[in-house]
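Below: the structure, in structure tokens.
Where a number appears in this text, it was derived from the coordinates with a stated rule and is not lab data. The structure displayed is predicted, hence computed values, not measured ones. Here the Cβ is made from the backbone with ideal geometry for all residues, glycine too, and neighbour counts use every protein chain on show.
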Amino acid sequence: MGSRIVATPLPEELLDLARSQRAQVPELSARLVDLLRDKTECYRRVAEQYPEELRKVCEAHLDGAFTSFIESREVELGNALKTGRAQARIGITLPDALRAYRLAGTFVYEMLIERGNPRPHSVTPEQMLQASTTVWRIIDAYSEALTTAYREVEADRGRLDDQARTALMDGLLEGRIAQRPDLEDAAGVLGLPSTGKLVVIVADDASVVDAIGSRAVWRRRVHSSGVDMNVGIMAVGSGVTALREVLAKTSGVVGVSTPFSDLTEVPTALHRARIARRSLPHGANGVVVFGDSPVAALVAGAPALAAELAHEMLADLLALPQAEREILLTTLEAWYGHGGSAKVAAKNLYVHPNTVRYRIRRIEDLTGRDLNRPKCVAELYMALQAVRLGL
């Protein structure tokens with residue numbers, strides 16, 4: 001596939017302009033990234049998540065365009081095809097991608113005008129018109145390749161039925177696909193990028209699937225505990241901040257793994273996302289990324305052992321009538337939440353500080369732990385977390 005750029009050699013004046021611009025491709029690439037980020041919401045997200053990748057793509061395309069312009073030959077479309085497939089797989093729509101090429105074409109032409117303006121007698125209006133025509137023929141060739149790449153990705157997706165996609169997704173989640181060529185094939189088929197950071201998401205509520213949409217690959221799975229969950233694998237670029245903002249608007253309990261870059265880590269990431277999901281207090285809704293609450297994650301990661309130890313430490317406290325038990329647990333929770341300050345905890349509980357101090361002494365008596373000792377503080381905090389997680 002290619003597009004013939006010119007039928008006759010270009011004037012030396014235009015070639016001189018193009019050569020000078022090609023020498024500045026790294027600088028122009030950075031400016032083009034800024035333009036795409038400012039003009040399109042879609043590429044603003046791409047620039048935040050994949051800044052270096054976007055700059056390299058812009059640099060390769062600009063260099064290819066100027067080379068075609070200078071050498072009066074067909075456009076090299078390999079980069080455009082590769083970029084198109086990658087963009088289709090991470091959820092960038094074809095209209096957004098084509099608009100980016102139009103913006104790039106305008107940018108290149110304006111750069112040529114900017115370079116030619118100091119020498120108005122060297123480059124004639126007719127020659128600038130010829131430059132404009134050539135630039136847009138190059139953009140048309142890139143756009144044609146981009147459209148072809150999107151159609152190829154859609155065709156690949158269409159050839160797979162739900163059962164085949166499910167098998168590939170399960171293979172990644174369960175670690176049965178472990179060899180590099182197989183991993184790359186699975187990523188390509190499922191629409192996962194081959195580079196960059198990924199996370200695994202687990203969620204009870206379908207609103208998460210609706211909010212994330214095609215930016216993640218989803219699978220409905222039943223855990224060994226009998227809990228039915230939506231499991232997704234999603235590219236997040238350099239971090240999870242933007243993902244947190246999206247998930248914060250959804251319902252239910254959501255667990256997210258820490259970012260990883262190798263698809264062999266998917267089973268581990270799934271395990272961590274499940275632990276993160278279990279790290280919220282029983283009955284609460286929200287989003288937890290693995291590591292947000294290290295102690296809660298440790299407790300949720302070994303629930304049976306944590307429950308056994310907690311119920312042993314808190315046996316006498318948990319044996320109290322429910323109302324009294326809840327008052328003491330809530331007081332202990334407030335005491336931890338406010339750095340061990342009875343005064344601040346009392347203010348938030350709307351009681352006198354001496355009331356908090358009395359309740360803390362009562363907890364110490366019931367558990368045999370002295371909260372002036374760091375070891376006892378740590379042990380009771382772990383036990384409290386286990387109880388609040390409903391273990």
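Around the amide H of VAL289, modelled in the peptide plane, lie the amide H atoms of VAL256, all under 5 Å away and 5 or more residues distant in sequence or on another chain. With a Förster radius of 25 Å applied to the beta-carbon distance between LYS56 and ARG151, the computed FRET efficiency rounds to 0.55. Under a Gaussian network description of the chain, with springs only between Cα atoms under 10 Å, the residue in SER341, SER251, SER293 that fluctuates furthest is SER341.
Our coupling estimate for the range 15-32, obtained by passing each phi through the Karplus curve with A = 6.51, B = -1.76, C = 1.60 and θ = phi - 60°, is 4, 4, 4, 5, 4, 5, 6, 4, 5, 9, 4, x, 5, 5, 5, 4, 5, 5 Hz, Gly and Pro reported as x. In straight-distance terms, cross-link reach from LYS343 covers every one of the lysines whose alpha-carbon lies under 18 Å from its own, apart from those fewer than eight places away in the same chain; here that gives an empty set. Which lysines have a Cα lying under 29 Å from the Cα of LYS56, excluding residues fewer than 8 positions away in the same chain? The qualifying lysines are LYS39, LYS82, LYS197. Across the chain, the longest piece that holds none of the trypsin sites (Lys or Arg not before Pro) lying in DSSP loops with up to 16 other C-beta atoms within 10 Å covers 250-391. Around ARG176, under 10 Å between beta carbons, what's the net of Lys plus Arg minus Asp minus Glu among the other residues? Net local charge, ARG176 excluded: -3. Under 15 Å from a point placed 7 Å out from the Cα of GLU48 along the Cα-to-Cβ direction: which residues of the range 237-259 have their backbone N that close? Answer for the range 237-259: 237-249. Among the chymotrypsin sites (Phe, Trp or Tyr not before Pro) in the range 319-391, those located in a DSSP loop and surrounded by at most 13 other Cβ atoms within 10 Å of their own Cβ are TYR350. Close amide-amide hydrogen proximity is noted between SER251 and SER207, VAL208, each under 5 Å apart and 5 or more residues distant or on a separate chain (H modeled in the peptide plane; Pro and chain starts excluded).
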